[in-house]
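Novice: Provided herewith is a single structure, encoded as structure tokens, for subsequent inquiry.
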Amino acid sequence: MKWSIEYYSKDVQKNILSLPSGLLARYLRLTDLMLEFGSNLGMPHTKFLEDGLIELRVKGKEGIARIFYCTLIQNRIVMLHSFIKKSNKTPKKEIQIARERMKEVIKNDTRRTKK
């Protein structure tokens, strides 16, 4: 089955698409690969964090960006949050934003099967 990419909101999509040109080009290349091969590209491109939250690791001449996402049934990838890294360690508040959005996306996913 083919993969698809969705965005948590128009603002998330806008923020990602307004990344500096080198980072955006890398993001677009990685998402092309995700559409073809799935959500797990392996290190150094993707890293599983916890409870289904995954980090897309984007590096370019302008710096480093991180895009958090999750996957849903029917091979759907949902981009939740993005930011440009300014330190070695990912700030906890950035992970927390993504975690809260992931919970909301999963809770409101109308395609989930009921048990």
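Novice: With charges set only on the Cβ (+1 for Lys and Arg, -1 for Asp and Glu), what does the dipole of the chain come to about its Cα centre, in debye to the nearest 20?
Specialist: Result for the chain is approximately 200 debye, rounded to the nearest 20.
Novice: Under 27 Å between alpha carbons, and skipping anything fewer than 8 positions from LYS61 in its own chain: which lysines qualify?
Specialist: Result set, ordered by chain and number: LYS10, LYS14, LYS47, LYS85, LYS86, LYS89, LYS92, LYS93.
Novice: In deg cm²/dmol, rounded to 500, what helix-only [θ] at 222 nm does the chain give when every DSSP H run of at least 4 residues adds -39500 (n - 2.57) and the total is split over its residues?
Specialist: It lands at -11500 deg cm²/dmol.
Novice: For ASP51 paired with ILE5, estimate the spin-label separation in nm (one decimal), with each label point 7 Å from Cα along the Cα-to-Cβ line.
Specialist: Between ASP51 and ILE5, the simple spin-label model gives 2.6 nm.
Novice: Oh, and also: For the stretch 49-110, report the accessible area per residue in Å² (1.4 Å probe, heavy atoms, rounded to an integer).
Specialist: Per residue, the stretch 49-110 has 55 Å² of solvent-accessible surface.
Novice: What per residue convex hull volume, in Å³, do the alpha-carbon atoms of the stretch 14-115 yield?
Specialist: Considering the Cα atoms of the stretch 14-115, their hull volume per residue is 108 Å³.
Novice: Amide H to amide H, which residues 5 or more places from LYS85 or on other chains are under 5 Å from it, using H placed in the peptide plane?
Specialist: Residues meeting the amide H criterion: ILE64, ALA65, ARG66.
Novice: Specify which residue in the list THR46, SER9, SER21 is farthest towards the positive end of the charge dipole of the stretch 1-55, using unit charges on the beta carbon of Lys, Arg (+1) and Asp, Glu (-1), about the Cα centre.
Specialist: SER21
Novice: Further question on the same structure: Taking all protein chains in place and a 1.4 Å probe, what share, in percent, of the accessible surface of the chain do carbon and sulfur account for?
Specialist: Roughly 51 percent, rounded to a whole number.
Novice: Here is a further query. Hey, can you grab everything whose amide H is under 5 Å from the amide H of ILE5? Only 5+ residues off in sequence or another chain; H modelled, so Pro and N-termini drop out.
Specialist: The list, which skips near neighbours in sequence, is ILE77.
The values are calculated or read from the model by the stated rules, or taken from the named source; none is laboratory data. Not measured: the values here are computed from a predicted model. Cβ: placed from backbone, ideal geometry, glycine included. Neighbour counts: every protein chain shown. Surface accessibility is based on the protein's heavy atoms, side chains included, excluding ligands, DNA and RNA. Shrake-Rupley method; radii C 1.70, N 1.55, O 1.52, S 1.80 Å.
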